[in-house]
1. Per residue, what accessible area does the chain have, given a 1.4 Å probe and all protein chains present, in Å²?
2. Assign unit charges at the C-beta atoms only (+1 for Lys and Arg, -1 for Asp and Glu), then state the dipole size of the chain relative to its Cα centre in Debye, rounded to the nearest 20.
3. Residue separation times 0.36 nm, minus the C-alpha to C-alpha distance between residue 192 and residue 332: what's the value?
4. For the chain, what is the mean residue ellipticity at 222 nm derived from helices alone (per DSSP H run of n ≥ 4: -39500 (n - 2.57); sum divided by total residues; nearest 500 deg cm²/dmol)?
5. Kirkwood Rh, Cα Rg: Rg to Rh for segment 1-110?
6. Determine, at each q value in 0.10 (inverse angstroms), the log₁₀ of I(q)/I(0) that the Debye formula gives when each Cα of the chain is one equal point scatterer.
7. Provide 309, 134 ordered by accessible surface of protein heavy atoms (probe 1.4 Å), highest first.
8. Provide the gained length on full extension for the span residue 145 to residue 130, in nm with one decimal, where the gain is 0.36 nm per separating residue minus the Cα-Cα distance.
Amino acid sequence: MLLLRRGDFGPDVAEVRATLTRLGLLSDPQPSQVFDLPVEHAVRTFQQQRGLITDGLVGPATYRALRDATFNLGDRPLAFLMSQPVTGDDVSALQERLLELGYDAGRANGEFGHQTEQALRSFQRDYGLMVDGMCGPNTVRALRQLQPKVRGGRPVFLREQERVRRAGPRLSGKRIIIDPGHGGADRGVVVDGVSEADVMLDLARKLEGKMAATGMEALLTRGPNHCPDEGERARFANEAGADLILSLHSDANRSALASGVASFHFGTGNGTSSTVGEALAGFIQREIVARTGLTDCGTHPKSWDMLRMTRCTAVRVEVGYLTNAGDRQRLANPSFRDVVAEGILVAVKRLYLLGQNDQPTGTFTLSDLLKHELATGTTPR
């Protein structure tokens with residue numbers, strides 16, 4: 001899939017225009033093959049609705065989301081295909097419906113995976129349908145006829161909250177995936193010899209060391225010479241049975257004045273949001289801002305693969321802008337990265353404290369944390 005932008009022309013653009021028209025985002029009485037300003041505005045609207053980067057460009061993620069948006073539940077049979085998973089809005093609708101009926105289909109991420117198949121089989125078994133794990137006409141009819149057992153509250157995210165509560169306040173034994181962005185030939189943002197890939201790998205290693213000191217098991221998604229795509233990183237985290245995923249990046253902007261830190265959690269942009277992810281993103285944001293003085297660029301819901309395709313809570317942190325001279329100078333300093341790593345670790349601790357016996361933001365030190373982990377199961381006051 002080529003990157004499409006305003007000014008492009010051809011059958012790929014015509015397909016995008018047709019999809020946007022079908023979704024009610026574009027009025028196209030005379031079909032065209034030109035990527036013009038109305039198309040860019042429609043793409044931006046769609047991206048905002050879907051929790052994608054709102055840049056008006058149609059790349060792989062936006063194209064996939066446009067394609068997925070064309071499917072409604074019942075349009076086609078749905079089944080688990082290991083080699084090429086089925087994706088689409090119809091899958092999301094199926095997952096949401098199963099969750100409402102009390103079946104744990106996992107996060108409604110629009111991908112028909114093993115957990116969705118198991119939930120569907122359980123539903124079919126309970127309601128006397130053929131137990132084949134395929135969502136065909138009879139299963140769709142049954143799903144539409146039944147009243148849900150749960151309304152509102154997003155059951156899958158309530159389960160996330162309960163897992164955090166049951167995990168207890170101590171960090172020891174928890175498994176965390178640390179995901180330094182880019183890697184290998186992909187250096188990410190590079191300005192004046194400072195590369196995002198190198199800086200984030202070092203930050204990840206500092207965070208890994210601090211986590212190991214508390215008794216946590218920290219796993220990195222990559223080394224210096226490897227760059228898995230987001231899908232591979234998400235699969236690694238799922239297969240590892242992680243408790244949390246922390247994805248580390250730095251940012252760039254055409255304006256050299258852009259600076260600061262931002263944190264992202266899973267959310268579709270239409271109100272569906274991971275409550276635990278939102279809480280962790282908020283803790284990370286506040287700790288880094290309090291400890292470094294970086295500009296607070298807030299927390300935001302996104303549907304990026306690393307946030308959407310992982311079964312556990314995932315947060316992505318964009319630490320500074322390498323295109324900003326001040327941010328770049330600080331990120332190049334190992335001592336600054338050490339402060340950021342401590343802030344992230346303390347934020348994770350705050351998540352598991354559930355607000356009990358907490359301390360003011362920016363004051364909880366690694367030494368405090370280690371004393372707690374090595375002493376009793378209670379938190380220092």
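The values are calculated or read from the model by the stated rules, or taken from the named source; none is laboratory data. Keep in mind it's a predicted model, so treat the numbers as computed, not measured. Ideal geometry is used to build each Cβ from the backbone, glycine not excepted, and the neighbour counts take in all protein chains shown. With ligands, DNA and RNA removed, areas are computed over all heavy atoms of the protein, side chains included. Shrake-Rupley method; radii C 1.70, N 1.55, O 1.52, S 1.80 Å.
1. Details: 17390 Å² over 381 residues.
Solvent-accessible surface per residue comes out at 46 Å².
2. Numbers: 46 positive and 45 negative charges, 207 e Å.
Charge dipole of the chain: 1000 debye, to the nearest 20.
3. On the way: separation 140, 0.36 × 140 = 50.40 nm, distance 1.07 nm.
So the chain would gain 49.3 nm between residue 192 and residue 332.
4. Working: 14 runs with 169 residues, N = 381.
Value at 222 nm, helices only: -14000 deg cm²/dmol.
5. Computed over Cα atoms, the ratio is 1.03.
6. For the requested q values the scattering log ratios are -0.71.
7. Numbers: 309 30, 134 85 Å².
Descending order: 134, 309.
8. Working: separation 15, 0.36 × 15 = 5.40 nm, distance 1.67 nm.
Value of the extension gain: 3.7 nm.
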